[in-house]
Amino acid sequence: MNPRNTKLNPKLFQGDLDESTFQIYEKEAVLSIDCEMMGLNPRRDRLCVIQMCDSSNNFSVVQVLPGQTEAPFLKKLFENPNITKIFHFARMDVTFLWAHLGIVTNPVFCTKIASKLARTYTDRHGLKENIREFFGENMDKKNQSSDWGKKTLSQDQIEYACDDVKFLIALKSKLTEMLIRERRYELAKKCFDFIFTYAEMDYLEMKEIFEH
């Protein structure tokens, strides 16, 4: 089924998943995940929202509380070695999850890295461009820069959060096919394995260490 036809009916949580939802996700081989923050600096800006979806279109939106430093169910889920966590630009999400909740997310599949390695015929590798090419859907990104730290999210924000994850599992499949076809899948996996190390360097503000 094309993800564009998926109906959104997310569960909303404060601070963490509940046990029953965790148990549903724990049985999955892949999960699509995205995070919303107050900005792009993990030292300064708060991690506000974590949204996810599984292969059966079970959506969850978790609001991270001000000052929160742990989320046991999310940590156990995101660190489960048997579940591949799919992000678009995983580097940023992985950094914030570690910096704010102590989660070492692994293993990871990053659709942005995959796009850059597979779709070398373009320099447009945003999620919006990938979704348009593979699924013929024009994503509405107007809520990307909204206030995600407020106590009550708007319906538009909740829908936007779910839209950002509902295509990722299908997109992973499309990009994996291309990577295998172009003989770059093994290289992509090496890049994915390096993401957490890159996140640590980002947090320490260590830039361009591979440059001369």
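In summary, N57 fulfils each of the numbered conditions (1) buried (at least 21 other Cβ atoms within 10 Å of the Cβ); (2) on the phi > 0 side of the Ramachandran plot; (3) not β-branched (V, I, T) with the single exception of condition (1). Regarding region 173-191, can at least one residue be identified that is charged (D, E, K, R), in contact with a strand residue (DSSP E or B) (Cβ under 8 Å, 6 or more places away or on another chain) and closer than 26 Å to M139 by Cα? Checked against the condition, which is being charged (D, E, K, R), in contact with a strand residue (DSSP E or B) (Cβ under 8 Å, 6 or more places away or on another chain) and closer than 26 Å to M139 by Cα, region 173-191 yields no hits at all. In this structure, K150 does satisfy being under 26 Å from N58 (Cα atoms) and open to solvent by 30 Å² or more (accessible area, probe 1.4 Å).
Give the residues of region 86-98 that are closer than 14 Å to E200 by Cα and open to solvent by less than 40 Å² (accessible area, probe 1.4 Å), sorted by residue number. A90, D93, V94, T95, F96, L97, listed by residue number.
Among the residues that make up region 158-178, is at least one of them without any contact (Cβ under 8 Å) to a residue 60 or more places away in the chain and of a type in the set (V, I, T)? Among the residues of region 158-178, not one is without any contact (Cβ under 8 Å) to a residue 60 or more places away in the chain and of a type in the set (V, I, T), which makes the answer no. In this structure, does F73 turn out to be of a type in the set (F, W, Y) and open to solvent by less than 30 Å² (accessible area, probe 1.4 Å)? Judged against the criteria, F73 is not a match.
How about region 154-164: which of its residues are out of contact with any helix residue (DSSP H, G or I) (no Cβ under 8 Å at 6 or more places or on another chain) and surrounded by 13 or more Cβ atoms within 10 Å (Cβ to Cβ)? Correct list: Q157, I158, E159, Y160, A161, C162, D163.
The values are calculated or read from the model by the stated rules, or taken from the named source; none is laboratory data. Since the model is a prediction, treat every value here as computed from it, not as a measurement. Methodologically, a virtual Cβ is constructed for each residue, glycine included, from the backbone with ideal geometry; neighbour enumeration extends over all protein chains shown. Side chains are part of the model used for accessible areas, which takes the heavy atoms of the whole protein and leaves out ligands, DNA and RNA. Shrake-Rupley method; radii C 1.70, N 1.55, O 1.52, S 1.80 Å.
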